[in-house]
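Quick notes on the structure that follows.
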Amino acid sequence: METNFNFKSQICTDKNQSEHLLALGLKKETADMCHRTNGMGIYFTTAIDPLCNPNDIPAWSLHRLIELMPESIHLDSFANTHYYRTLLPSKIIYMKYDHTWIWQSDKQNDFDKCVDTIEWLIKEGHCNKEYLE
């Protein structure tokens, strides 16, 4: 039996998404992949290894992006305000158990949803400071 799989799924952040995360101040060391040139201007994606060079562009897998987002956030100015990260097929939401939410991203692409949410977390001061420059 012959199969003809033709997956078009994205395996990590593209170069634009990666550059955006770096511009937000995310440390390149948080990346688990990279876009690497073969010396002739052709880029390919690989897992991070000790041979990374200065021309490599850090990249993040979907699972790593999810790991960078805290499972819950708490607003210190109000009592009982724990908002929990909820991953739905159509959006990422930080919401309480009563379904009130403080953030949601409903971008089309899962990587864009994560990048959008990480940007919000950084701007609102909810991102782990160890992940930032």
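Quick notes
- Order of Ser18, Ser105, Ser9 - criterion: other Cβ atoms within 10 Å of each residue's Cβ, fewest first: Ser9, Ser105, Ser18
- Here r is the Cβ-Cβ distance between Lys129 and Asn16 and R0 is 35 Å; the resulting FRET efficiency, rounded to 0.05, is 0.85.
- Most mobile of Pro58, Pro70, Pro89 in a GNM of the chain (Cα contacts under 10 Å): Pro89
- Ranking of Leu121, Leu24, Leu87 by count of other Cβ atoms within 10 Å, fewest first: Leu87, Leu24, Leu121
- In terms of surrounding Cβ atoms within a 10 Å radius of their Cβ, Phe7, Phe111 rank from fewest to most as Phe7, Phe111.
- Cβ-Cβ FRET estimate between Ser77 and Lys8, R0 fixed at 41 Å, reported to 0.05: 0.35
A short reminder: the numbers here are calculations on the coordinates, not readings from a lab. Just so it is clear, the model here is predicted, and its values are computed rather than measured. Here Cβ is always computed from backbone atoms with ideal geometry, including for glycine, and neighbour counts include all displayed protein chains.
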